[in-house]
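A short worksheet on the structure shown next.
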There are 2 protein chains.
Amino acid sequence: MSLTVADVDEAELLRRIFAVLAQHNNVQSDAIVLGAGDDSAVIAAPDRSFTVSTDVLVENQHFRTAWSTGYDVGWRAAMQNLADAAAMGARPTAIVAALVLPGATTVAWVEDFARGIAQASTCHNVAVAGGDLATGDAIVVSVTVFGDLEGEPAVTRKGARVGDAVAVAGQVGWSAAGFAALSAGVATSADQTTSADQAARAPAVTSAASRHGATTSADALDATIGRFRRPEPAITAGVQARSRATAMMDISDGLVCDAARIAQASSVVIDLVDPITSLAEDANVLGLVAEALGLTREQRTQQVREWLLAGGEDHGMLATFSPELVPDGFRAIGTVKAADTDNGVEPGVYLESQPYAGNSGWDHFRR
Amino acid sequence: MSLTVADVDEAELLRRIFAVLAQHNNVQSDAIVLGAGDDSAVIAAPDRSFTVSTDVLVENQHFRTAWSTGYDVGWRAAMQNLADAAAMGARPTAIVAALVLPGATTVAWVEDFARGIAQASTCHNVAVAGGDLATGDAIVVSVTVFGDLEGEPAVTRKGARVGDAVAVAGQVGWSAAGFAALSAGVATSADQTTSADQAARAPAVTSAASRHGATTSADALDATIGRFRRPEPAITAGVQARSRATAMMDISDGLVCDAARIAQASSVVIDLVDPITSLAEDANVLGLVAEALGLTREQRTQQVREWLLAGGEDHGMLATFSPELVPDGFRAIGTVKAADTDNGVEPGVYLESQPYAGNSGWDHFRR
């Protein structure tokens, strides 16, 4: 029998979590003035302000333990929060995490979770500054992230200007494709083991696939399922775009849905190029996944377009820039145009100059 | 049928929550540089640092909807977090909240929760800066609080010095007594209604009882049950004690348990006076509750002492000071003495110069 949370008291569980964090939380950072262990931690805010965002992940709503290891869940919880800081142009500095655990959760799962959250944070030089534990009937992970704007203003959703280029950094649609593959019961080479060793190796596999482009369906499945389990948001690109972007956010709920939020906040139209063209590298990988799922050529194109336009949770950066200022690492996918409410052109998303799927986006799209 | 969370979409639920916050979140504060509605909020940190603490409350673990209204749960979630900031000597400035809701939760409960969290925050000029919503099988509330040390160092648990006075601010044992009364099925005048009007009125009732001292068992029941539902931690006293306290924390898990944490962190002995004497005002109110519960005179004294020593969740401030510097609002309850490990005097809590209940405290006390 594996040791469960119900077998140890809170002090012992905390001791084990701190041991994991101490081993993996290798941050060269002076963000933590005072760490965990008192009523509060104290975090540096050299800028005299800080960004804050909070996200909650619920078992069977946002993740399934059958599909994701503790490491994966910790990794995702950290990464999607770090993306929220970067999407304001803020360099993420620290996170705190609250964790609700059923008594039957294995202690190994919790340690694996701590390893995932620590390593994802360490990748971006972010410290895990504290947290809270409680028991409940399902695993709930609540992470709050802090960011430093380093003297520059936050990049909000409001500043998109007519004539700007619309661009994304990071992969688009991979998480949705990986989810679809898992839902279809496709096995991958990564499914055979879920140990910490495997967890540590897998990012290298998916990074290689993403760098060089997947060339086989098997590679594409590995890469997209890896990204679903362990997203790698375009955090550095977001922070670096701070001084150029007129508006920015991360893609949580799908490109069209989130672009519509910028369009609404900025009172503009965002006219997207067909993403099969503008995001051809992603389309190639996603096409291989669609092929592996047995779709016909025609179905594939439609499915790939849907993943690109409606797939969320890659947490790529979606931003608007003066066309001559689109930074390296961003791909132009459309342009900002004027809304003209008097003539029926409401703020929202267009695709190839046609109003897109009704109103303001994709909210009710089947996902 | 009451409107439930499952009947409305997330946008509508957020719209209703923001409407409540806009109405009740009347904060004269420049803490919020950029509010909710983007990827992150931006919070002022004039001190170039900030304190942060996170707490999670789980339905049927930390509260029961049968005993607490949405307002009560929101109030408690805010207050116990504000107490964590104050326990470092930090003035709380802002909070963010993540909320997991079963689909059957009524929208009215959520609005009532928002009202409770907003009003508790407003009492201390703290802004609600953002949050997240998700669905799940039980209500989970995760609150993260930020505080400003205003140029002074944080007050940790480590600084208690031999010869210091040990003192508390705020009520002690009331929440535990109120919980015991509810557990015993005692009805109070406040139980008849749970509307927002009642929620708004009830604090005045309990405040009056606490100011003037409850003189009847009915008053004492109302007051302690009111405090269980809606604690009023000694937040202002904690912030004001910042420059004098050598160590401080809030009493979450009971006086002895938490005093043991200061004793351990500071490597000292904390020798408590019998709290029946040092906390006589509280003992009087708790005695009336014990009487209402039908305990004999002898049982009452024992029960009251137990509530005082082991009752948590009032979130009073427990601090150590040079004896001549104990601030107004704090009551001296003991002294800091030297540990002497060579002679068997381990850091921990003593009561009237006798080692208390074994090791380092009260962790496994029946609560």
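Across the range B:155-171, the qualifying residues are those that are open to solvent by less than 30 Å² (accessible area, probe 1.4 Å) and touching a Lys or Arg at 6+ places or on another chain (Cβ under 9 Å), and the one among them that is farthest from the other protein chains (Cβ to nearest Cβ) is B:Ala167. Of the residues B:Val27, B:Val56, B:Val33, the single one that is surrounded by fewer than 23 Cβ atoms within 10 Å (Cβ to Cβ), over 16 Å from B:Glu111 (Cβ atoms) and within 23 Å of the chain's Cα centre (by Cα) is B:Val27. Take A:Asp271 and decide whether it is in contact (Cβ under 8 Å) with a residue 24 or more places away in the chain and in a strand (DSSP E or B). The answer is yes for A:Asp271.
Filtered by the rule that a residue be in contact with a Lys or Arg (Cβ under 7 Å, 6 or more places away or on another chain) and among the small types (Gly, Ala, Ser), the range B:84-136 gives a lone residue, B:Gly89. Counting the residues of the range B:82-124 that are open to solvent by 20 Å² or more (accessible area, probe 1.4 Å), touching a residue at least 60 places away in the same chain (Cβ under 8 Å) and part of a helix (DSSP H, G or I) gives 5. What about B:Ala94, is it touching a Phe, Trp or Tyr at 6+ places or on another chain (Cβ under 7 Å) and hydrophobic (A, V, I, L, M, F, W, C)? Yes; evaluated as a whole, the condition is true for this residue. The residues of the range A:36-53 that are open to solvent by 50 Å² or more (accessible area, probe 1.4 Å) and on the phi < 0 side of the Ramachandran plot, listed by number, are A:Ala36, A:Pro46. Taken as a whole, the condition of being of a type outside the set (Gly, Ala, Ser), crowded, with 21+ Cβ neighbours inside 10 Å, assigned to a helix (DSSP H, G or I) and touching a residue at least 24 places away in the same chain (Cβ under 8 Å) does not apply to B:Ile276.
Within the range A:75-121, the set of residues being hydrophobic (A, V, I, L, M, F, W, C), under 22 Å from B:Ile139 (Cβ atoms) and more than 12 Å from chain B (Cβ to nearest Cβ) comprises just one member, A:Ala104. Given the conditions (1) open to solvent by less than 40 Å² (accessible area, probe 1.4 Å); (2) charged (D, E, K, R); (3) within 12 Å of chain A (Cβ to nearest Cβ), and given that B:Asp72 satisfies all but one, which numbered condition is not satisfied? B:Asp72 satisfies every listed condition except (3). Filtered by the rule that a residue be out of contact with any Gly (no Cβ under 7 Å at 6 or more places or on another chain), outside any loop (DSSP other than H, G, I, E, B) and open to solvent by 30 Å² or more (accessible area, probe 1.4 Å), the range A:279-294 gives A:Ala280, A:Glu291, A:Ala292. The set of residues from the range A:12-64 being under 19 Å from A:Ile117 (Cα atoms), of a type in the set (D, E, K, R) and in contact (Cβ under 8 Å) with a residue 60 or more places away in the chain comprises A:Arg16, A:Asp55, A:Glu59. When only residues in the range B:125-138 that are buried (at least 24 other Cβ atoms within 10 Å of the Cβ) and not in a strand (DSSP E or B) count, which is farthest from the other protein chains (Cβ to nearest Cβ)? Among those that are buried (at least 24 other Cβ atoms within 10 Å of the Cβ) and not in a strand (DSSP E or B), it is B:Val126.
Per the conditions (1) open to solvent by less than 50 Å² (accessible area, probe 1.4 Å); (2) under 29 Å from B:Gly226 (Cβ atoms), the sole criterion not satisfied by B:Ala22 is (1).
Taking the range A:302-361 as the region of interest, the strands (runs of 3 or more DSSP E) fully inside it that hold 1 or more residues being more than 22 Å from A:Ala85 (Cβ to Cβ) and open to solvent by less than 60 Å² (accessible area, probe 1.4 Å) are A:330-338, A:348-351. Here B:Arg366 meets the list (1) at pLDDT 95 or above; (2) of a type outside the set (Asp, Glu); (3) over 25 Å from B:Ser266 (Cα atoms) almost entirely, failing just condition (1). Within the range A:26-56, the set of residues being within 20 Å of B:Leu149 (Cβ to Cβ), out of contact with any helix residue (DSSP H, G or I) (no Cβ under 8 Å at 6 or more places or on another chain), at the interface with chain B (Cβ under 7 Å from one of its Cβ atoms) and assigned to a strand (DSSP E or B) comprises A:Val33, A:Leu34, A:Ala41, A:Val42, A:Ile43, A:Ala44, A:Ser49, A:Phe50, A:Val52.
The values are calculated or read from the model by the stated rules, or taken from the named source; none is laboratory data. These numbers were taken from a predicted model, which means no experiment stands behind them. Every residue, glycine among them, receives a Cβ derived from its backbone with ideal geometry; neighbour counts consider all protein chains shown. Ligands, DNA and RNA are stripped out before the accessible areas are found, and what is left, the full protein with its side chains, is counted by its heavy atoms. Shrake-Rupley method; radii C 1.70, N 1.55, O 1.52, S 1.80 Å.
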